[in-house]
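Trainee: Below you will find the structure I want to go over with you.
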């Protein structure tokens, strides 16, 4: 039996999924209404799959994904959402989210998705798959294309190196590293090095 933790703040959605999973190979191990509740429940319930809504009080489903992946948690993740923007779609793909399902799709899609994901493969809603294919085909052709030095910088930040250590690796001054970082922040639209480190795989994959 595959154990699932559902994170969604809508009671009707939670009830509908609970009914959908009855008499299947999936067990609803627990439910959470906020991102914080879901993160607290993970080590307690140890689910096989997390089924995540993107929009919830106290944090989004993507914040749960970032949190788990930044800690090296590779358990299987499925996003169930009414809508998703391009940025989140690309990030979810880069962070290794195995399943994505739209809430307005046929309920059978969710079961198909869970079956594929539990078997170790991926499943993406056809509408999202088409969008993702287009986004990946055009990624890196605009102003966000990274130069080789910028890619190096992002990799060092992902490794947790400080500016002084990065400067040594690149053979430049610490002030130059700060200038490079500022340019990368501006180009990628991130606020700080923590966000850059968490989303490094997304940016490197898209460039």
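Trainee: List pairs: first residue in the range 189-207 and free of Cβ contacts under 8 Å to residues at least 12 places away in the same chain, second residue part of a loop (DSSP other than H, G, I, E, B) anywhere in the structure, Cβ distance under 8 angstrom, at least six positions apart or on different chains.
Mentor: Once the first residue is free of Cβ contacts under 8 Å to residues at least 12 places away in the same chain and sits in the range 189-207, its partners that are part of a loop (DSSP other than H, G, I, E, B) give 190/199.
Trainee: Kindly establish whether residue 17 is part of a helix (DSSP H, G or I), touching a helix residue (DSSP H, G or I) at 6+ places or on another chain (Cβ under 8 Å) and in contact (Cβ under 8 Å) with a residue 60 or more places away in the chain. Write out each step before concluding.
Mentor: Details: part of a helix (DSSP H, G or I): yes; touching a helix residue (DSSP H, G or I) at 6+ places or on another chain (Cβ under 8 Å): yes; in contact (Cβ under 8 Å) with a residue 60 or more places away in the chain: yes.
For residue 17, the condition - part of a helix (DSSP H, G or I), touching a helix residue (DSSP H, G or I) at 6+ places or on another chain (Cβ under 8 Å) and in contact (Cβ under 8 Å) with a residue 60 or more places away in the chain - is met.
Residues checked against (1) crowded, with 18+ Cβ neighbours inside 10 Å; (2) within 20 Å of residue 73 (Cβ to Cβ); (3) touching a strand residue (DSSP E or B) at 6+ places or on another chain (Cβ under 8 Å):
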| position | (1), (2), (3) |
| --- | --- |
| 3 | no, yes, yes |
| 7 | yes, yes, yes |
| 11 | no, no, no |
| 19 | no, no, no |
| 22 | no, no, no |
| 25 | no, no, yes |
| 29 | yes, yes, yes |
| 36 | no, yes, no |
| 41 | yes, yes, yes |
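Trainee: Among the helices (runs of 4 or more DSSP H) lying completely within the range 87-159, list those that include at least 3 residues that are modelled with pLDDT of 95 or more.
Mentor: Numbers: elements: 107-118, 126-138, 148-158.
Where helices (runs of 4 or more DSSP H) fall fully within the range 87-159 and carry at least 3 residues being modelled with pLDDT of 95 or more, they are 107-118.
Trainee: Further question: Of the residues 154, 166, 90, 124, which single one is farther than 21 Å from residue 17 by Cα and in the same structural domain as residue 52 (by TED's automatic domain parsing)? Let's see the steps before the verdict.
Mentor: Values: 154 fails: in the same structural domain as residue 52 (by TED's automatic domain parsing); 166 fails: in the same structural domain as residue 52 (by TED's automatic domain parsing); 124 fails: farther than 21 Å from residue 17 by Cα.
So the residue among 154, 166, 90, 124 that is farther than 21 Å from residue 17 by Cα and in the same structural domain as residue 52 (by TED's automatic domain parsing) is 90.
Trainee: Quick one: in the range 40-59, of everything that is within 20 Å of residue 117 (Cβ to Cβ) and not in a strand (DSSP E or B), which residue is farthest from the chain's Cα centre (by Cα)? Reasoning before the result, please.
Mentor: Narrowing the range 40-59 to residues within 20 Å of residue 117 (Cβ to Cβ): 41-42, 45-54.
With not in a strand (DSSP E or B) added as a condition, the list becomes 41-42, 45-48, 53-54.
Numbers: 41: 18, 42: 16, 45: 21, 46: 19, 47: 17, 48: 17, 53: 12, 54: 10 Å.
My answer is 45.
Trainee: Next up: If you check residue 20 against the conditions, is it under 19 Å from residue 115 (Cα atoms) and assigned by TED's automatic domain parsing to the domain that holds residue 114? Give the derivation first.
Mentor: Numbers: under 19 Å from residue 115 (Cα atoms): yes; assigned by TED's automatic domain parsing to the domain that holds residue 114: yes.
When the stated conditions are applied, residue 20 passes them.
The values are calculated or read from the model by the stated rules, or taken from the named source; none is laboratory data. No experiment lies behind these values; they were computed from the predicted model shown. Note: ideal-geometry Cβ built from the backbone for every residue, glycine included; neighbour counts use all protein chains shown.
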